[in-house]
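The values are calculated or read from the model by the stated rules, or taken from the named source; none is laboratory data. This one's a predicted model, so the numbers in the text were calculated from it and none came from an experiment. FYI the Cβ positions are ideal-geometry reconstructions off the backbone, even for glycines, and counts take in every protein chain you see.
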C-alpha cells in the first residue's frame, strides 16, 4: 500500500531542509509509489535560474513522489507554461517526472482516499513586491477555477476524505486573526463552498508558517511538521 505524507510550505531552498534525510531519516525507506503532499508555496517555478533547477532536481532525487497545491508565492507565468498531464485522476503540471503541481479544484485518489485540492492565497506583502517578478495576481484562483472546483465537489456528492489547500476558510482565519478582517475571495470560497457544504475527515493547509490543529485534529495547519496520513484517515507526526 502506498504511503501518504503531507507538510507545509517549502519556499524552495528556505524550508526544504525539513525534507533532508537527517531531519526525516525514515524517508530513505520510501519509493516513488509513496507520495509527499506540499500545502502550497513550493516555489519550484520561482524563476528559471540554476538554483531553482538544482532544487527541483534535488526533489526528483528523493525516493518518493512530490505533489504540491498552488501557493501565493509561485511564478504563475512559468508554471502555466508547463503542459497539463494526469496523475491519479487529476490534472497536474510536472516540473520533473515525479515532482508536480496539482491544478485548482482537482480531486485525486490514493489508498482509496480522496483528496480535494485548492490552492491560492493573498500575499499580504505584495505592496513590497513587483508584479510579474515577485508577485502574480493569479495567486487568487479565478472565478472559473472556483466554479470548476465547486462542480467537481458536486460530482463527488460533496464528500471527500481529505481537503488540501494553501490558505484556510474564514472559520480558521478568524481563529488565527480574531482582531482583523482577513477574509478575501479565496477564504470566502473555502468557507461557503467547501467547509459548509462538504463532508470530510481532515483538512490540511499551509501558508501561515505555524504548526497547529483545531477541532480534534480535523483542521491542520502545517509548516515544519511532516505528517503521515494513515489508512483510517488519522495522522501521526513522522518528522
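Output the residues belonging to the range 92-117 that are farther than 19 Å from residue 198 by Cα, at pLDDT 95 or above and surrounded by fewer than 17 Cβ atoms within 10 Å (Cβ to Cβ).
Once the filter is applied, which keeps residues that are farther than 19 Å from residue 198 by Cα, at pLDDT 95 or above and surrounded by fewer than 17 Cβ atoms within 10 Å (Cβ to Cβ), the range 92-117 yields 94, 96, 97.
What's the total number of residues in the range 94-117 that are part of a strand (DSSP E or B) and closer than 22 Å to residue 233 by Cβ?
10
Here is a list: 23, 13, 47. Which entry is within 19 Å of residue 97 (Cα to Cα), touching a helix residue (DSSP H, G or I) at 6+ places or on another chain (Cβ under 8 Å) and surrounded by fewer than 16 Cβ atoms within 10 Å (Cβ to Cβ)?
Residue meeting the stated conditions: 47.
What pairs can you find where one residue is in the range 153-168 and on the phi > 0 side of the Ramachandran plot, the other is outside any strand (DSSP E or B), and their Cβ atoms are less than 8 Å apart, with a gap of 6+ or different chains?
What qualifies is 158/197; 158/198.
Being crowded, with 19+ Cβ neighbours inside 10 Å and free of Cβ contacts under 8 Å to residues at least 40 places away in the same chain is the filter here, so list the residues in the range 50-66 that pass it.
65, 66
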